[in-house]
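**Q** Sharing a structure here in structure tokens format.
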Amino acid sequence: MKGNGEHESGMRLRRTKSVTRAEEIQKAEQMARRSQPDKPCHRPRDSLFSWSSGFDNFTGFVNWGFLLLGIGGIRLLLENFIKYGIRVDPRQWLFFLVGKNDGNQEHPSILLICYSTVPISLCLLIEKGLAMDLIAHGPGMVFHVVNLIVMVLMPMVVIHVKESGFSLATEVKQNGCDSDETRHKIDDDVAGKALVQYPDNLNLSDLYYYILAPTLCYELNFPRTTRIRKRFLIKRILEVVVGCQVVMSLFQQWMIPSVKNSLIPFSNMDVAKASERLLKLAIPNHLMWLCFFYLSFHSYLNLMGEMLHFADRNFYCDWWNANNIDTFWRTWNMPVHRWAVRHLYIPVVEMGYSKTVASVTVFFISAFFHEYLVSVPLKTFKIWAFMGMMGQIPLSVLSKHVERNWGARWGNIVVWASLIIGQPLCIMMYYHDYVVTHYGETLLEDYSHV
């Protein structure tokens, strides 16, 4: 009985030492197990998918994801070619840039580009008048405001007076990066030259340098580089030429058929089919948006910066790592973000308003110009782009809540989901409204077989 009691006591003692966490197993016990004659092969270990395992190398799954995404993309590409044939036409870029419609000899885009020199010259003349005390400060400000208003209204007048209009509408995304900047390494020769002082800067060369430079914020003395890197410049030129064709090809071959096929389900409010078409449109739209981002913010802006010796190349930050919507809008478009902070956010705060009011003001003005850049070319005045931008405010609150309660990874997923789903939904709504406004039920009947 005593032996049995000792045996039972030993078993109980053994049971109390047994724990679930591998790191709490005593080293002495492990050494004792290794010395046993049956050559044990087991040791305390957690499954790799358990958080407590500490395993974090999932490179194979990342490769698997890219391979699966590539296979899916190839399948969709083949399906598109089989169904629609080859729709790519490089000549459409020229028609798009000049704003020329089939059978019409007028080129409103060229007219507007030529006209853009008028408000620029007027701005210079007004500023010279102020500098020379020929114009008082009050009237000078009125002249500047009137000049800006006319400049904004002129495209609307041209598009509505000229029936040719624009053949395509482009939605330009605004707002973007954090105030911390990683400066481009340059050989700055500003120190060796006399700094330009006002009003010596009031000349056409200085003004047009600012217009062409990849920035929206004017400075008397921009940081400059000492030389043009030929290899870097050639790479950017090739990227712009090839990138334009890639974006246009995606648009012609993939997006246009997907948008047309979404018309009837969206018009009939068929939720299931409309959702399927929305998800189908999301893929080419997102690919084109990513290509357009790289083409615009990296290739084109670096190309202009290199040719103009413009040294500040911080055109974007790591928006793809944004854990909430607010961070995304501060990091994806540096030129507009700088302008918004410098000319909207800070002045509103300095006027005594709260930071919240300043942020809402920035989003309101951004929303207005989003709507302007879509509705004016389409001649379809809706509020979808405006509401989409203003909706970023509650979405930012939601994404911060997700980040705070579920972690940064889920916050980043919310950001990506809003980008992937929000844009094609806006495109579908505008296309539907454009067709209804300009063609009525006739075109809807033509597409009813889709």
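Here is a yes/no grid of residues against (1) open to solvent by 40 Å² or more (accessible area, probe 1.4 Å); (2) over 22 Å from residue 90 (Cβ atoms):
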site	(1), (2)
201	no, yes
221	yes, yes
252	no, no
257	no, no
283	yes, yes
290	yes, no
299	no, no
303	no, no
307	yes, yes
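**Q** What are the pairs with Cβ atoms under 8 angstrom where one residue, in the range 334-351, is without any contact (Cβ under 8 Å) to a residue 12 or more places away in the chain and the other, located anywhere, is open to solvent by 70 Å² or more (accessible area, probe 1.4 Å) and assigned to a helix (DSSP H, G or I)? Sequence gap at least six, or different chains.
**A** Taking only residues 6 or more apart or on different chains, the pairs are 349/355.
**Q** Here's another thing I want to ask about it. Take the residues in the range 65-93 that are β-branched (Val, Ile, Thr) and either in contact with a helix residue (DSSP H, G or I) (Cβ under 7 Å, 6 or more places away or on another chain) or assigned to a helix (DSSP H, G or I) (or both), then tell me which one is surrounded by the fewest Cβ atoms within 10 Å (Cβ to Cβ).
**A** That would be 82.
**Q** Between a residue in the range 106-124 that is among the β-branched types (Val, Ile, Thr) and open to solvent by less than 60 Å² (accessible area, probe 1.4 Å) and any residue that is in a helix (DSSP H, G or I) and at pLDDT 80 or above, which pairs come within a Cβ distance under 7 Å, given they are 6 or more apart or on different chains?
**A** 120/207; 120/211
**Q** Here are the criteria: (1) closer than 30 Å to residue 438 by Cβ; (2) open to solvent by 50 Å² or more (accessible area, probe 1.4 Å); (3) not hydrophobic (A, V, I, L, M, F, W, C). Tell me which single one residue 375 does not satisfy.
**A** All conditions are met except number (2).
**Q** List pairs: first residue in the range 385-414 and free of Cβ contacts under 8 Å to residues at least 60 places away in the same chain and within 29 Å of residue 375 (Cα to Cα), second residue open to solvent by 50 Å² or more (accessible area, probe 1.4 Å) and polar (S, T, N, Q) anywhere in the structure, Cβ distance under 8 angstrom, at least six positions apart or on different chains.
**A** Sorted first by the residue in the range 385-414, then by its partner, the list stays empty.
The values are calculated or read from the model by the stated rules, or taken from the named source; none is laboratory data. A quick note: this is a predicted structure, and the numbers were derived from the prediction, not measured. We place every Cβ from the backbone using ideal geometry, glycine too, and count neighbours over all the protein chains shown. Please note that ligands, DNA and RNA were not included when accessible areas were found on the heavy atoms of the full protein model with its side chains. Shrake-Rupley method; radii C 1.70, N 1.55, O 1.52, S 1.80 Å.
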